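Enquirer: One structure, as structure tokens, below. Some questions next.
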Amino acid sequence: MEIFKTAKEALAIVQSDQTIMVGGFGLVGAPLTLIDELVELNIKDLTIISNNLGEQGKGLGKLLQQRKVKKAIGSYFTSNRDVGEAYQRGEIEIELLPQGTLAESIRAGGAGIGGYYTKTSVGTDLAKEKEIKMIDGEAYVFEKALKADVAIIRAHKADTMGNLIYYKTARNFNPIMATAAKYVVAEVDEIVEVGQLKSDEIVTPHLFIDGVIVAKKVLTKDGVVEND
């Protein structure tokens with residue numbers, strides 16, 4: 001595990017055509033500093049797995065405006081009207097998953113499970129072209145697990161080993177994404193010494209984390225601000 005001084009160093013591994021998981025619900029719990037670095041990189045044709053694609057011109061919305069996103073897999077794209085417009089123009093492919101299915105598919109990817117059967121979406125357009133299996137007389141749809149080349153996540157604090165704790169609902173998808181990617185970088189408010197985090201409050205163990213950085217941008221009630 002490495003403590004990076006800059007987001008540029010932390011994301012030097014990112015390349016075009018990769019699949020990237022990005023934590024957050026709206027902008028809450030989103031790694032805004034790392035997202036801004038993705039905006040600066042000379043990359044394209046990314047597959048983004050995230051609940052949504054930020055807001056117009058904010059968070060992952062910036063990446064969308066640059067046309068760096070080839071495909072988005074998530075649940076709540078209506079938070080950014082640019083997504084629908086890009087889809088109508090044929091600039092982006094969208095795979096819509098119910099929110100619980102999205103979470104379980106990521107969890108399954110991190111747990112080494114290839115996929116699972118769920119009743120959610122049976123009989124709807126979301127289940128079209130997917131395998132349907134009858135179990136105990138009821139229909140279930142097969143959902144593949146989700147995994148990524150890179151995950152960028154947001155936590156509250158890390159210790160110098162990379163153990164993470166989260167802040168309230170900003171936790172959202174971040175812990176499960178940390179388990180489901182080959183390379184994981186966490187953006188945090190503060191890095192503390194080993195032993196300063198209580199063992200029973202640690203959510204993500206350090207063995208899942210490849211690097212951490214201190215956030216340069218944070219979300220407040222007044223919007224996104226620079227972190228001194």
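The values are calculated or read from the model by the stated rules, or taken from the named source; none is laboratory data. Just so it is clear, the structure is predicted and the values come from calculations on it, not from any experiment. Please note: Cβ atoms are built from the backbone with ideal geometry, for glycine as well, and neighbour counts cover all protein chains shown. These area figures cover heavy atoms from the full protein model, side chains too; ligands, DNA and RNA do not enter into them. Shrake-Rupley method; radii C 1.70, N 1.55, O 1.52, S 1.80 Å.
Enquirer: Can you tell me what share of the DSSP beta bridges in the chain is antiparallel? A percent to the nearest 5 is fine.
Expert: 35
Enquirer: Could you order 21, 134 so the one with the most accessible surface comes first? Probe is 1.4 Å.
Expert: On the way: 21 0, 134 120 Å².
Listed by decreasing accessible area, they come as 134, 21.
Enquirer: For the modelled label position 7 Å from the Cα of residue 130 along Cα-to-Cβ, which residues of the range 64-82 have backbone nitrogen atoms closer than 20 Å?
Expert: Once the point is set 7 Å along Cα→Cβ of residue 130, 71-78 turn out to lie under 20 Å by backbone N, inside the range 64-82.
Enquirer: Ok, one more. Report residue 25's accessible area, 1.4 Å probe, all protein chains in place, as a number in Å² to the nearest 10.
Expert: The accessible area of residue 25 comes to roughly 90 Å².
Enquirer: Let me ask something else. What number comes out for accessible area per residue over the range 141-207 if the probe is 1.4 Å? Units Å², please.
Expert: Per-residue accessible area for the range 141-207 comes out at 47 Å².
Enquirer: When the accessible area of the chain is computed with all protein chains present and a 1.4 Å probe, what percentage of it is carbon and sulfur?
Expert: Looking at the chain in its full context, I get 48 percent from C and S.
Enquirer: Explain nothing, just the number: dipole magnitude of the chain about its Cα centre with +1 on each Lys and Arg Cβ and -1 on each Asp and Glu Cβ, in debye rounded to the nearest 20.
Expert: Details: 27 positive and 32 negative charges, 67 e Å.
The dipole of the chain has a size of about 320 debye.
Enquirer: Next up: Largest first, what is the accessible-area ranking of 40, 104 with a 1.4 Å probe?
Expert: Values: 40 140, 104 60 Å².
Greatest to least solvent exposure: 40, 104.
Enquirer: First select every other residue whose beta carbon is under 15 angstrom from the beta carbon of residue 80; then total the charges, Lys and Arg +1, Asp and Glu -1.
Expert: With Lys, Arg at +1 and Asp, Glu at -1, the neighbours total +2.
Enquirer: If Lys and Arg each add +1 and Asp and Glu each add -1, what is the summed charge of the other residues whose beta carbon sits under 12 Å from the beta carbon of residue 147?
Expert: Net charge around residue 147: +2.
Enquirer: Show me the three semi-axes of the equivalent ellipsoid for the range 117-168, from the C-alpha gyration tensor (sqrt of 5 times each eigenvalue), largest first, rounded to whole Å.
Expert: Each semi-axis is the square root of five times an eigenvalue, giving 38, 13, 11 Å.
Enquirer: Counting only other residues whose beta carbon sits under 12 Å from that of residue 58, what net charge do I get with K and R as +1, D and E as -1?
Expert: Charge balance near residue 58 sits at -1.
Enquirer: In Å², what does the accessible area per residue of the range 1-105 work out to with a 1.4 Å probe? All intermediate terms of the calculation are to be shown ahead of the outcome.
Expert: Working: 4780 Å² over 105 residues.
Here the residues of the range 1-105 average 46 Å² of exposed surface.
Enquirer: Write down the Kirkwood hydrodynamic radius of the chain, to one decimal in angstroms, obtained as one divided by the mean of 1/r over all alpha carbon pairs.
Expert: 17.9
Enquirer: Next up: Relative contact order for the chain: what is it in percent, counting Cα pairs under 8 Å that are at least 6 residues apart?
Expert: 22
Enquirer: Any idea what % of Cα-Cα pairs in the range 34-105 are farther than 20 Å?
Expert: 22
Enquirer: Show which lysines lie in cross-link reach of residue 147 when reach means a straight Cα distance below 17 angstrom and same-chain residues fewer than eight apart are skipped.
Expert: 70, 71, 182
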